[in-house]
1. What does the convex hull of the alpha-carbon atoms of the stretch 271-318 project to on average, in nm²?
2. With each pseudo-label sitting 7 Å past Cα toward Cβ, what's the SER46-VAL115 distance in nm, one decimal?
3. What's the long-distance tail for the stretch 83-205, i.e. % of Cα pairs beyond 26 Å?
4. If you stretched the chain out fully between ARG246 and GLU208, how much longer would it get, using 0.36 nm times the residue separation minus the C-alpha to C-alpha distance?
5. Kindly provide the Kirkwood hydrodynamic radius of the stretch 227-327 in Å, to one decimal, from all pairs of distinct alpha carbon atoms.
6. Using 23 Å as the Cα-Cα cut-off, could you pick out the over-long pairs in LYS168/LYS301; LYS111/LYS190; LYS168/LYS190; LYS166/LYS200?
7. Compute the convex hull volume of the Cα atoms of the stretch 245-285, divide it by the residue count, and report the result per residue in Å³ as a whole number.
8. For ILE322 paired with ALA57, estimate the spin-label separation in nm (one decimal), with each label point 7 Å from Cα along the Cα-to-Cβ line.
Amino acid sequence: MRTHSRRAFVSRLAVLGVALPLTSITRHVRLRAPRRIGFITGNEPSLVAAFNDALRALGYVPGENLIVETRLIERGASNTAALPEAAAALARSDLDFIVAGALPYALEIRKANPVMPMVIVTCPGMVSNGFARTLEHPGGNATGISLNVAELTPKRLELLRELVPKAKSIALLSDPGLAGLNSELAEVQKAARSMGLELKLEEASRGEDIEPAFAQLARLRPSALLVGSSILFVVRRAEIVALAARLAIPAIYEISEYVTAGGLISYGPSIAAAVRPLGLYAGRILAGAKPADLPVVQPTKFELVINMKAARALGLTIPPSILARADEVIE
């Protein structure tokens, strides 16, 4: 049960002056025939539902006045070709634009169709991968949401140090297939050095890599665990949370969805909330806006979420200083 919630995700839409004229969008919806867009993301139905809800709020009803070609992908040895094949099929379809739920999907779309307009969720890499000239003025055929999670790494390590003050080493579970991994890894290494922590790196780029990675963590015995950015990890969060519990290792995650799945603590933007501006941008492009003119949205508020049941199972006492800063506590 959620016992309290004090602050919510706030995007930069208003700050950047791109508040959406909902009346003009809904008027446009009534006047146009059904449109066709693509949506490719990890095998995470809740994100699809949230995206569809955002579209409905603008008057677009998937299956009625809007056709959404949806592809849910999970990388793994048994479906290595699934992402490129699905992305290529979407990119070559007769679509107005494609919504990509993670940067690797957008990269595959671009390989198949370099001029396909896109709305992308990135963590990070919008500029470094050539999708935008700047976040404020993309100038190309793509815009989206930049979750800039790597920049929050020092804060997550500080929280782990508060939770486990005697920690000597920290493990990072990372996805080597993640575009932008070098940025995240550099931030972790820098923060760990500044705190006098030894960093132990474990990688998993496929679903079947996750359990062996935790088996290696059991041998390395780090004091705490930081789970890095990856749509694969988000999709497999129940497994990751269960394995961390089995090892009795305090772990911090980037989004609250891990904590609601039983994880200990998270600090970062709300993915579910990020989907709402994603849907709004989709609506604005359907109404005639160009991705080149829509600033890439960045979250400015982040959620600190704690699971007290998980803390008790680990024998941890959450310091009052952390509880006082929590946006949400799950009992």
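Laboratory data are not the source of any read-out in this text; all were calculated from the coordinates shown. As the structure is a computational prediction, the values presented were derived from the model and not from experiment. Reconstructed Cβ throughout: ideal geometry from the backbone, glycine too, with neighbour counts over all protein chains shown.
1. In nm², the orientation-averaged hull projection of the stretch 271-318 is 4.8.
2. 4.0 nm
3. Values: 2552 of 7503 pairs.
Across the stretch 83-205, Cα pairs with separations above 26 Å total 34 percent.
4. Values: separation 38, 0.36 × 38 = 13.68 nm, distance 1.74 nm.
Extending this stretch completely gives an extra 11.9 nm.
5. 15.3 Å
6. Details: LYS168/LYS301 30 Å; LYS111/LYS190 33 Å; LYS168/LYS190 15 Å; LYS166/LYS200 16 Å.
Correct reply: LYS168/LYS301; LYS111/LYS190.
7. Each residue corresponds to 63 Å³ of Cα convex hull volume.
8. 3.2 nm
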